[in-house]
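**Student:** Take this structure first; my questions come after.
Every read-out reported here was derived from the displayed coordinates using simple, explicitly stated rules and does not represent laboratory data. Nothing here was measured: the structure is a model prediction, and the numbers come from that model. Backbone-built Cβ (ideal geometry, glycine too); neighbour counts: all protein chains shown.
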Amino acid sequence: MSGKDTHTMTTDQPPDGSWRPPSSPAPAASELDELYAEAAIRFQRQERPLPTRVWPNRLRAACYWFLAAEFAVGAVTKFWPGPTFAGPAYSVKFADWGYPVWFRFVVGALEGICAVLLVVPGKRPRFLAAVILVLVLTGAVTTHLVNHDELYQSVAAPTHLVIMAVVGLANWPTDWRDLLRRSPRIPAAAGDAR
C-alpha cells in the first residue's frame with residue numbers, strides 16, 4: 001500500500017481531504033447506562049411534577065364527601081314516608097316536636113342541597129353549605145334540647161353543628177363581597193365563534 005492511498009489511512013480525516021475535528025472516543029457501556037438513567041430521571045421530573053400536598057387534599061375531599069353522604073342520607077330520610085332506621089317516620093317526629101308535617105320537606109331539601117354544595121369544588125359553595133347547615137342544625141339542637149330527646153339525637157345535632165362551624169371557618173371568604181361576585185369567566189379565543 002502506498003502512503004498516498006487515502007482510503008486505507010488510519011486517520012479520522014475523510015478521503016476528500018476536508019478537515020474535521022477528531023471524534024472523541026466512544027463512552028463505555030456503563031457510562032452510557034448512567035447517562036440514559038440521568039436523562040430518564042430528568043425527563044420524568046419535567047413530565048410529571050409531583051404535587052407537594054396530595055394527601056392533605058385527598059383527606060379533606062374525603063371528609064367533605066363523608067359529610068355530604070351523611071346529610072344526603074338525612075335528606076332522604078326526611079322525604080321517606082314510613083319509619084326509618086333511626087326510628088319512627090319524620091312526619092310523626094316533626095308533629096311531636098310541634099312543627100307542621102310539611103316542614104320536614106323544607107329541612108330535607110336544605111340538607112340535600114347542602115350535601116351537593118359540600119362536594120362542589122371551591123370555597124364559596126362549601127361556605128354557603130356550611131352557613132345553611134349551621135342555621136338548620138341550630139334549630140335541630142334547640143328542638144332536641146327543648147323536647148328532651150334521646151341521647152343519640154341530642155348528641156348528634158350539636159356534634160354536626162360544631163363540625164359545620166369548623167367547615168364554615170375553613171372556607172371563610174377573604175372578602176364578604178366574594179360571596180356575591182360571579183366566578184371569573186375564561187375569555188373565548190378570537191377565532192372561536194359560537
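**Student:** Kindly put Leu169, Leu118 in sequence by how many other C-beta atoms sit within 10 Å of each C-beta, fewest to most.
**Tutor:** Numbers: Leu169 10, Leu118 26.
Fewest-to-most ranking of Leu169, Leu118: Leu169, Leu118.
**Student:** Calculate, in nm to one decimal, what Tyr152 and Asp33 gain on full extension: separation in residues at 0.36 nm each, minus their alpha carbon distance.
**Tutor:** Full extension from Tyr152 to Asp33 adds 36.3 nm.
**Student:** Around Arg60, what is the net charge, scoring Lys/Arg as +1 and Asp/Glu as -1 over all other residues with Cβ under 15 Å from its Cβ? Can you show the working numbers first?
**Tutor:** Working: positive: Arg53, Arg58, Lys123, Arg126; negative: none.
Net charge around Arg60: +4.
**Student:** For Val101 paired with Val54, estimate the spin-label separation in nm (one decimal), with each label point 7 Å from Cα along the Cα-to-Cβ line.
**Tutor:** Each label point is offset 7 Å from its Cα along the Cβ direction, giving 5.4 nm.
**Student:** Amide H neighbours of Thr84 under 5 Å, at least 5 residues apart or on other chains, H built in the peptide plane: list them.
**Tutor:** Amide H neighbours of Thr84: Ala89.
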